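Engineer: This is the structure, below, for whatever I ask next.
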Amino acid sequence: MAQDVAALEIEAVELPKKPAWRKALTLARQHPLGVAGLLIIVTLIFSGVFGDILPVGDAEKLHLDEKQLAPSLSHPFGTDNLGRDVLGRTILGARISLLVGVVSVTVGITIGTALGVISGYAGSFLDSVIQRGVDILLAFPAVVLLLAIITVTGDDTAFKDFIIDYTRIPENTFLGIPVFLDIFIISVGIGIAVAVGTVRVVRGAVLSLKENVYIDAARAMGASDWRIMMRHIFPNVAALVVVLASIFLPIAILAEAAISFLGIGVPEGTPSWGADLTGNNREDTRNGIWWPVFFPGLALSLVVLGFNLLGDTFRDIADPRLRGGGGGGGGGGGSPGL
Amino acid sequence: MREYILRRLLLVIPIMLGVALMTFLSFQLIAGDVVDLKCGFTCSDAVRQSLREELGLTRPLYQQFGDWLWGLARGDLGESLATNVPVTTELARRLPITLELLALTMVFSILLGIPAGVISALRPGSIIDSVVRVINVIGLSVPSFYLAILVILFGFVWFGWSPPQFGAGGHVAFYEDPWVNLQQFLFPALVLAFGSSAIIMRLTRSSMLEVLRQDYIRTAWSKGLRERAVVTRHAIKNATIPIVTILGLEAGGLLGGAVIIESIFALNGVGKYLLESVILRDLFVVQSVVLLFAAVYVMINLAVDVSYAWLDPRIRYS
């Protein structure tokens, strides 16, 4: 019998290997919404990085002779009450949003993950101390926490003066970023809120990772705690961290817009989507001048939408069981208050 | 379960103390600037020093903290530096407004979110499901302040409508004229509820889908029950358990949203009070209101945790 089977000489059939770009195309066709989200975000990044050199109307200098023009060919989004081109301002606003979003999420997730891993891995006393601290910070609603941070670090406060005097962080334009110090402070403030949200989640993941046998094995082989954390814990937490980043980035962008809207975020005159929704532009809407307010807000909504769609698509691809709008309890949406 | 509740209650005390301490210490950072602001640049150092003493800012820190806590226990929260009105007086005036806004918002978001989520889960892939999901995504993405401005803008441009409180009468309390009062709160609550209901809708949908897959639902069907009975008697009750937890987290977001919406719609609530005080650097007001918000949030989360144990019998008997 065995000889008959061997005699069949079955040839292995090799399936043609699909080149990477073909796989990507299939994925794209299956998830059109995700592609839309990706396009929006690419536009955002493009506007943020190349905003200055795009051939649109002047967004920052005042042209008082061209006030409040309705959308037209030369000013596709119209002009605001100081004659600034709304399209230009919308594009430049992308830069602030992108910057604050990326910096705050980077800072927040880095600190949060570090604390979460240390807290989860170390256990006992250190864990308790860190967790009490997080509990206290979590007791403040997010916007209230931000308001408190801004009160303490805003203009003319001892804190900000300290930073100006004793550190070399530039106050004005740096690397093409206006009012660098203010943006930096806002980003760190939002980053603190992000960090607080991250610690809990990461700690939970680390706690369940600790149960794995390979951790015990590594320790038995004499690996130091540091090595175990670096080699085993961090890489496994990485996927979670990427998901968290995709959730927090739109939230951070919304947070910056919200505090700029309230007038306590970016300084007066800086092109920011939130700031453009208030002040004189808001007054103008009472006269029916809708375009200075409409387009920045639309851009903001589209960007958040883009991140939501992209995040949903990633979660669909990574784990189709999460499909159905869940993904961990509705995560990935904008915070209701913002 | 009683131990769980007791433990949870006991945890609140150190957390609140920690919150109070943190609030106090953070705002000590700007205590000096507060004096500068009240005085302007025209004061001499002597005047500044006497002002500091008057405000009690020169005493040792532990004394200031202790006095503040003692004042809180007695109901004395200090006075506004800008208007010299006692904080408690202002809060008493403004709290009903914020509470009404938050209550209406919660009602609207539950009324909008849960039925939509249920219907969407019962007919997955249908047109109504798609419509619900599109509205859902929009609700999650559009920030509440933008929506509020659009509502006011296009209400004005298309209908000549303006929020009632912008006009001459100002704010009208519920007991004075219920109809006008509800009119004033309708749009603010709806705008705030839109974002909140999107989250509830999404969670209800996924929770329902999860529940509908369970064996006990299949048993109910095979018993011959009508769809309505299966859904209302078995599915919805179980699906809403995780929603209760989310409501607690949402409350935090709504407290923040109230700050924004009250500013836009000119409702003189506690949120607007906080914002104005932050801009004015009105130290004692900000300190007390931040503490108040945190305390409310902690209480809400406590209630949610306790009710979660009560609602889910599996936890109760574990």
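Every read-out reported here was derived from the displayed coordinates using simple, explicitly stated rules and does not represent laboratory data. Everything quoted here is computed from the prediction, not taken from an experiment. Heads up, the Cβs are rebuilt from the backbone with ideal geometry, glycines too, and the neighbour counts pull from every protein chain shown.
Engineer: Can you give the FRET efficiency to the nearest 0.05 for A:Lys210 and B:Ala92, using r as the Cβ-Cβ distance and R₀ = 41 Å?
Structural biologist: Calculated transfer efficiency: 0.20.
Engineer: Related question: Could you tell me the center-to-center distance, by alpha carbons, between segment A:234-293 and segment B:295-311 in angstrom?
Structural biologist: So the separation of the two Cα centres works out to 31 Å.
Engineer: Given labels modelled 7 Å from the Cα in the Cβ direction, how far is it in nm from A:Tyr166 to B:Ile128?
Structural biologist: The two pseudo-label positions are separated by 6.4 nm.
Engineer: Rounded to the nearest 0.05, what FRET efficiency do B:Leu51 and B:Ala303 give with R0 = 35 Å and r taken as the Cβ-Cβ distance? Could you check?
Structural biologist: In this case the efficiency is close to 0.25.
Engineer: If you don't mind, there's one more thing I want to ask. On a 0 to 90 degree scale, rounded to 10, what angle separates helix B:283-311 from the longest Cα axis of chain B?
Structural biologist: Value to nearest ten degrees: 20.
Engineer: If you take all C-alpha pairs in segment A:217-256, what percent of them are over 11 Å apart?
Structural biologist: Taking all Cα-Cα pairs of segment A:217-256, the fraction more than 11 Å apart is 68 percent.
Engineer: Ok, one more. Quantify how strongly other chains surround peptide A:261-270 by giving the mean number of their Cβ atoms within 10 Å of each of its Cβ atoms.
Structural biologist: Average neighbour count from other chains, rounded to a whole number: 2.
Engineer: Mind giving me the FRET efficiency for A:Ser224 and B:Leu182? R0 is 60 Å, r the Cβ-Cβ distance, nearest 0.05 is fine.
Structural biologist: The formula returns an efficiency of 0.35 here.
Engineer: How far is it, in nm, from the label point at A:Gln30 to the one at B:Tyr216 when both lie 7 Å from their Cα along the line to the Cβ?
Structural biologist: Distance between label points: 3.5 nm.
Engineer: Next up: Under 10 Å, Cα contacts only: if you run a Gaussian network model on chain B, which one of B:Ile110, B:Ile135, B:Ile13 comes out with the highest mean-square fluctuation?
Structural biologist: B:Ile13
Engineer: Could you work out the local net charge near A:Gln131, counting Lys and Arg as +1, Asp and Glu as -1, over the other residues with Cβ closer than 11 Å to its Cβ?
Structural biologist: +1
Engineer: Which ordering of A:Lys210, B:Lys272 is given by a fewest-first count of other beta-carbon atoms within 10 Å?
Structural biologist: A:Lys210, B:Lys272
Engineer: B:Ala73 versus B:Glu227, label points 7 Å from Cα toward the beta carbon: distance in nm?
Structural biologist: The answer from the label model is 6.1 nm.
Engineer: Evaluated at 10 °C with a viscosity of 1.306 mPa s, what Stokes-Einstein diffusion coefficient in µm²/s does chain B have when Rh comes from the Kirkwood expression over alpha-carbon pairs?
Structural biologist: Value of D from the Cα-based Kirkwood radius: 70 µm²/s.
Engineer: For the protein assembly as shown, report the % of Cα-Cα distances exceeding 34 Å.
Structural biologist: The answer is 51 percent, as a whole percent.
Engineer: Let me know the mean shielding of A:302-313 by other chains, meaning the per-residue number of their Cβ atoms within 10 Å of its Cβ.
Structural biologist: Averaged over the peptide's residues, the number is 2.
Engineer: Moving to a separate point now. Around B:Arg205, with a cut-off of 9 angstrom between Cβ atoms, what is the net charge of the other residues, counting Lys and Arg +1 and Asp and Glu -1?
Structural biologist: Once all neighbours under 9 Å are counted, the net charge is +1.
Engineer: Which value at 222 nm does chain B reach when only helices count, each DSSP H run of 4 or more adding -39,500 (n - 2.57), with the total divided by all residues and rounded to the nearest 500 deg cm²/dmol?
Structural biologist: For chain B, the value works out to -25500 deg cm²/dmol.
Engineer: Using only the Cα atoms of segment B:1-84, what do you get for the radius of gyration and for Dmax, in Å?
Structural biologist: 17.4, 62
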